[in-house]
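The values are calculated or read from the model by the stated rules, or taken from the named source; none is laboratory data. Here the structure is a predicted model, which is why all the values come from computation and not from measurement. As a convention, Cβ positions derive from the backbone with ideal geometry for all residues, glycine included, and neighbour counts pool all protein chains shown. These area figures cover heavy atoms from the full protein model, side chains too; ligands, DNA and RNA do not enter into them. Shrake-Rupley method; radii C 1.70, N 1.55, O 1.52, S 1.80 Å.
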Amino acid sequence: MRVVLLGPPGAGKGTQAQIIAGELSVPAISTGDIFRANVSGQTELGLKAKTYMDAGDLVPDEITLAMVKDRLAEPDAKAGFLLDGFPRTIAQAEQLRSSLHDLGNALDRVLELVVDEEELVRRLSGRRMVVDGQEVQRDDDKPETVRHRLKVYREQTAPLSGFYDSEGLLARIDAIGSVEEVTARALRALGVDGGDESGQPASV
Ligand code: AMP
């Protein structure tokens, strides 16, 4: 199964991506994680991406698209994948569609995690990661950067919802609730774990 997980920063995409990908037995591919690993490893890609990430801006398409193309060409992604954090612009979505088309494939479903903005700001400002046993705040989770990332999401990524809806691929999931509740809604929308009776995508 080939799935895209869409949703604003703080919607719980990373957590849900890991669980859902495990249920589907496909790799969870997070462009944010790949960028962060490159920043930590001080690779050329990481050095190029860091300035944009620190500012809460999107990394330019020429960097992002080449990276995703390479990742999707790896053997573990051949039979399916769950993309977390990609695509983030209509141009990226079009590129993804044509890359998959060239491989004779297409997306099966796009899941959008829906959370209102007030809740997102609350979640992001309290969010911490564990690095070397220490709880740290991501640089881009600082309040001013959070506000900017949400604006970038509204302007550049939110239009993907309509794009995928018009392709008949979109399922919108209410992402307020426990991790387990949100996972159950997502799996139902994917037709896994029983699914809904019509076999159609669920909506909020
Ligand atoms: P995330 O962990 O998905 O919130 O991503 C963290 C940061 O990585 C974003 O704020 C962007 O700077 C960069 N990034 C991740 N995915 C993409 C993408 N698809 N296009 C452009 N930049 C991205």
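Roughly what would the spin-label model give for residue 105 and residue 15, points 7 Å off Cα along C-beta, in nm?
The answer from the label model is 2.8 nm.
How big is the accessible area of residue 190 in square angstrom, nearest 10, if you roll a 1.4 angstrom probe over the protein chains?
My reading of the accessible area for residue 190 is about 10 Å².
Which whole number of Å³ per residue matches the convex hull of the alpha-carbon atoms in the chain?
126 Å³
Compute the length gained on full extension between residue 78 and residue 158: take 0.36 nm times their separation in residues and subtract their Cα-Cα distance, giving the result in nm to one decimal.
26.0 nm
Taking the Cα-to-Cβ direction at residue 69 and at residue 47 and moving 7 Å from each Cα, how far apart do the two end points lie in nm?
2.3 nm
Taking all protein chains in place and a 1.4 Å probe, what share, in percent, of the accessible surface of the chain do carbon and sulfur account for?
C and S fraction of accessible area: 49 percent.
How would segment 56-107 be classified by its alpha-carbon gyration tensor: rounded, prolate or oblate, with rounded meaning a/c under 1.5 and the a/b versus b/c comparison settling the rest?
Because a/c hits 1.5 or more and a/b exceeds b/c, segment 56-107 counts as prolate.
May I have the pair-distance distribution P(r) for segment 130-172, computed from all Cα-Cα distances with 10 Å bins from 0 and rounded to whole percent?
Binned Cα distances yield the sequence 24, 28, 26, 19, 3.
Over the chain, with the other protein chains present, what is the accessible area per residue in square angstrom, probe 1.4 angstrom?
Value for the chain: 51 Å² per residue.
What dipole magnitude, in Debye to the nearest 20, does segment 28-185 give about its Cα centre under +1 on Lys/Arg Cβ and -1 on Asp/Glu Cβ?
Once rounded to the nearest 20, the dipole reads 140 debye.
Where does the chain land at 222 nm, in deg cm²/dmol rounded to the nearest 500, when only DSSP H runs of n ≥ 4 count, each adding -39500 (n - 2.57), divided by all residues?
That comes out to -14500 deg cm²/dmol.
Once the Cβ-Cβ distance between residue 135 and residue 40 is put in as r, and R0 is 22 Å, what FRET efficiency do you end up with, to the nearest 0.05?
Once the sixth-power term is evaluated, E becomes 0.85.
Nearest 5 percent is fine: what portion of the DSSP beta bridges confined to segment 80-204 is antiparallel?
The antiparallel fraction comes to roughly 40 percent.
Hey, can you grab everything whose amide H is under 5 Å from the amide H of residue 83? Only 5+ residues off in sequence or another chain; H modelled, so Pro and N-termini drop out.
It is 3, 4, 5, 29, by chain and number.
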